[in-house]
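**Q** Submitted below is the structure of interest, expressed as structure tokens.
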Amino acid sequence: MASVSRIDVRRELDRLASMPVRSAAQARMRREAAAMIAAEHLVEAAASFRFVDLDSCEDGQLRAGGKILYAPRLIPEEGRLTALACGTATIGDALERRVSALFAERRPALALALDDLGNQLLFEVSRRLQDRMLGHALKRNLTMAGELRAGDPGLDLSYQPVVVQLADGAAIGVGVSAGLALTPLKSMATVMGAGVDLPPAAWSRCDECPSSQKCKLARPQAATALQQPGAP
């Protein structure tokens, strides 16, 4: 059974609204966008995850829950992989509809500010999801290592529906379009390895991204952070 939870992001919204930006105009747009999110209830944040016991692991093919993922990067050199930790998170679709409406109203500055806040709130919800997955792993005396999202090097985009299904994304309204995009658009789906005495992975899903050094949303890879209580 999946663990499903609604997530209150009001504190994160207040913090993001007051963060310094490049100009006074941008700061004003950000505050207006944050007020709009609060007043119009544009964010319905939710997360869902499951730890699915591994049935077999051969030649990079991981079989779990009646599904197959070809993800050899998740196979550790040491320790024992016993499960796939699959999660989904979303902030719903109301915000993206409001962004489209603002563009139609020829208010692009506010639309962009609102879209940017939505992206950052999704990142915060994703971080909360990983924290909850870590807590679940610790209760089962498991460690977690590696993180992949469909489309990353090491996990083909075609596996997007599999990850979402294993995480029971439908429980929080997350699906996959015919073009393999997540719906709502401001959603994420992730899979990590879980097992006994897994070592930190020597790779990150961000390794091959040309923007990784400048990315404001980058955080230390789950492969190293999700190993012990109190990890940042």
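Conditions tested, residue by residue: (1) among the acidic types (Asp, Glu); (2) modelled with pLDDT of 95 or more; (3) surrounded by fewer than 14 Cβ atoms within 10 Å (Cβ to Cβ); (4) in contact with a His (Cβ under 7 Å, 6 or more places away or on another chain).
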| site | (1), (2), (3), (4) |
| --- | --- |
| 145 | no, no, no, no |
| 150 | no, yes, no, no |
| 165 | no, yes, no, no |
| 168 | yes, yes, no, no |
| 174 | no, yes, no, no |
| 180 | no, yes, no, no |
| 191 | no, yes, no, no |
| 199 | no, no, no, no |
| 205 | no, no, no, no |
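**Q** Which residues, taken from segment 32-60, are of a type outside the set (Gly, Ala, Ser), surrounded by 14 or more Cβ atoms within 10 Å (Cβ to Cβ) and modelled with pLDDT of 95 or more? Steps first, please.
**A** Restricting attention to segment 32-60, the residues satisfying the condition of being of a type outside the set (Gly, Ala, Ser) are 32, 36-37, 40-44, 49-55, 57-59.
Still in the running and surrounded by 14 or more Cβ atoms within 10 Å (Cβ to Cβ): 32, 36-37, 42-44, 49-52, 54, 57.
Answer for segment 32-60, where residues must be of a type outside the set (Gly, Ala, Ser), surrounded by 14 or more Cβ atoms within 10 Å (Cβ to Cβ) and modelled with pLDDT of 95 or more: 32, 36, 37, 42, 43, 44, 49, 50, 51, 52, 54.
**Q** Can you pull out the residues in segment 154-173 that are more than 12 Å from the chain's Cα centre (by Cα), within 30 Å of residue 98 (Cβ to Cβ) and part of a loop (DSSP other than H, G, I, E, B)?
**A** 168, 173
**Q** Here are the criteria: (1) touching a strand residue (DSSP E or B) at 6+ places or on another chain (Cβ under 9 Å); (2) modelled with pLDDT of 95 or more; (3) surrounded by 12 or more Cβ atoms within 10 Å (Cβ to Cβ). Tell me which single one residue 76 does not satisfy.
**A** (2)
**Q** For segment 1-28, give me each residue that is among the hydrophobic types (A, V, I, L, M, F, W, C), outside any loop (DSSP other than H, G, I, E, B) and either surrounded by 15 or more Cβ atoms within 10 Å (Cβ to Cβ) or in contact with a helix residue (DSSP H, G or I) (Cβ under 8 Å, 6 or more places away or on another chain) (or both).
**A** Once the filter is applied, which keeps residues that are among the hydrophobic types (A, V, I, L, M, F, W, C), outside any loop (DSSP other than H, G, I, E, B) and either surrounded by 15 or more Cβ atoms within 10 Å (Cβ to Cβ) or in contact with a helix residue (DSSP H, G or I) (Cβ under 8 Å, 6 or more places away or on another chain) (or both), segment 1-28 yields 4, 13, 16, 17, 25, 27.
**Q** Right, here's the next one. I'm checking my understanding of the structure. Among residues of segment 78-95 that are assigned to a loop (DSSP other than H, G, I, E, B) and not acidic (Asp, Glu), which one is farthest from residue 122 (Cα to Cα)?
**A** So the first thing to find is which residues in segment 78-95 are assigned to a loop (DSSP other than H, G, I, E, B), and the list is 78-79, 91-93.
In the following step, the residues that additionally are not acidic (Asp, Glu) were identified as 79, 91-92.
On the way: 79: 32, 91: 6, 92: 10 Å.
My answer is 79.
**Q** Scan segment 97-120 and tell me whether some residue there is out of contact with any Phe, Trp or Tyr (no Cβ under 7 Å at 6 or more places or on another chain), within 24 Å of residue 69 (Cα to Cα), buried (at least 17 other Cβ atoms within 10 Å of the Cβ) and at pLDDT 95 or above.
**A** Our first condition is that a residue be out of contact with any Phe, Trp or Tyr (no Cβ under 7 Å at 6 or more places or on another chain); within segment 97-120, this holds for 97-110, 112-120.
Subset that is within 24 Å of residue 69 (Cα to Cα): none.
Among the residues of segment 97-120, not one is out of contact with any Phe, Trp or Tyr (no Cβ under 7 Å at 6 or more places or on another chain), within 24 Å of residue 69 (Cα to Cα), buried (at least 17 other Cβ atoms within 10 Å of the Cβ) and at pLDDT 95 or above, which makes the answer no.
**Q** Here is a list of conditions, (1) closer than 26 Å to residue 194 by Cβ; (2) aromatic (Phe, Trp, Tyr); (3) in contact with a helix residue (DSSP H, G or I) (Cβ under 9 Å, 6 or more places away or on another chain), and residue 103 meets all of them except one; can you say which number that is?
**A** (1)
The values are calculated or read from the model by the stated rules, or taken from the named source; none is laboratory data. None of these values were measured; they are calculated from a predicted model. Every residue, glycine among them, receives a Cβ derived from its backbone with ideal geometry; neighbour counts consider all protein chains shown.
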